[in-house]
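Encoded as structure tokens, the structure appears first; notes follow it.
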Ligand SMILES: [Zn+2]
């Protein structure tokens, strides 16, 4: 067995004594790690208990990762953004219409400072094992990749800050079309902020493990989804990242797709000396036969994935994104984890 880490994400940050019961339930479902999904509101309002909840998880033997969940609507996730509420500017701008979008432009000074402050505060005060960069992306990614792509697709960001930065770097006006230089510019800047944040975290807490998780999408010769983190080589190469991770895949997709994404994930991770992580969907959508979850977990294990994570605890039970058989799905996931987690990494 190759899997060293099995975990789920978790939303409950309000009361450590309640979280303790949930963490024990995770351990009984063969998890040895948890990702705390921290919204801007959680960080702003529940900060003292984020510290306490982390302590509780650590004391039970779980590894704890902090997920800057949905922050600025730059990272994936449902929570609203306090930064967007408080800042009418600093938003991404559509290249085609010039309209402001409901996502921050992470190239702006105001947002960068805001984000670095959050990371530094978490690194100083919360005794976690690492950070999880959760599906970072520019606004307006292609939601579905057709084989022919589409030259008419809108993109972001073409705000004043990005336009000015582009001119400084390339010495001409930022085009409205997604040219090769624009793609390069977007990718470089999308990585730069995460790299700086990771370095700031490691300067404070050197043992922090940084996991970068990108969308598990088709990026081939014909089509790219233009989220800004589509060039996996470029992402995995970043020194300050320790784990290269790719996100959930719809159960409606063929098993060959699961295999191909996992192979690419492992190959890219190995090439740059990183650990690999694969995600499973454990909310919203489920396979017709729940035991397929076991088959997929075994597939990931057999292929040599280091870490397996599922979104989310209890199959999202009680949320609008719960899987139809959320609790049964959660049980199946736990059983599957039990079959692949290496004996020496189990919490006894
Ligand atoms: Zn911008």
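Any read-out appearing in this document is the output of simple, stated calculations on the displayed coordinates, not a laboratory observation. Small disclaimer: the values here were computed from a predicted structure and weren't measured.
What does the C-alpha gyration tensor say about the overall shape of segment 1-41? Classify as rounded when a/c is under 1.5, otherwise prolate if a/b is larger than b/c, or oblate. Oblate shape, in that a/c is at least 1.5 and b/c is the bigger or equal ratio. The calculated 222 nm mean residue ellipticity attributable to helices in the chain amounts to -12500 deg cm²/dmol, summing -39500 (n - 2.57) over DSSP H runs of n ≥ 4 and dividing by all residues.
Building the convex hull from the alpha-carbon atoms of segment 213-286 and averaging its projection over directions returns 5.3 nm². Which angle from 0 to 90°, rounded to the nearest 10, does the C-alpha axis of helix 292-303 make with the longest principal axis of the chain? In the chain, helix 292-303 runs at an angle near 80 degrees to the longest axis.
Calculate how large, on average over all directions, the projected area of the Cα convex hull of segment 125-250 is; give the answer in nm² to one decimal. Working shown, then result.
Numbers: hull surface 36.4 nm².
Across all orientations, segment 125-250 yields a mean hull projection of 9.1 nm².
Fully extending the segment from residue 113 to residue 125, taken as 0.36 nm per residue of separation minus the present Cα-Cα distance, adds 2.5 nm. Share of pairwise Cα-Cα distances greater than 11 Å in segment 80-123 is 67 percent (whole percent).
Got the relative contact order for the chain handy, in percent, Cα pairs under 8 Å and 6 or more residues apart?
Over the chain, the number comes to 20 percent.
Normalised by 2.2 N^0.38 Å, with N the number of residues, the alpha-carbon radius of gyration of segment 23-72 equals 1.18. Helix 47-59 and the long axis of the chain differ in direction by around 40°, with both axes built from C-alpha atoms. Relative contact order for segment 219-348: 22 percent, from Cα pairs under 8 Å spaced at least 6 residues apart, divided by residue count. Note on segment 13-130: Cα-only Rg and Dmax are 16.4, 52 Å.
Here the Gaussian network model covers the chain, with springs between Cα atoms less than 10 Å apart; of 220, 30, 86, 86 fluctuates the most. The shape of segment 255-303 comes out prolate: with a ≥ b ≥ c from the C-alpha gyration tensor, a/c is at least 1.5 and a/b beats b/c. The DSSP beta bridges internal to the chain are antiparallel in roughly 5% of cases. Volume of the convex hull of the chain (Cα atoms only), normalised per residue: 132 Å³.
A convex hull fitted around the alpha carbon atoms of segment 252-348 yields 107 Å³ per residue. Computed from Cα atoms, the angle from the helix 180-204 axis to the main principal axis of the chain rounds to 50 degrees.
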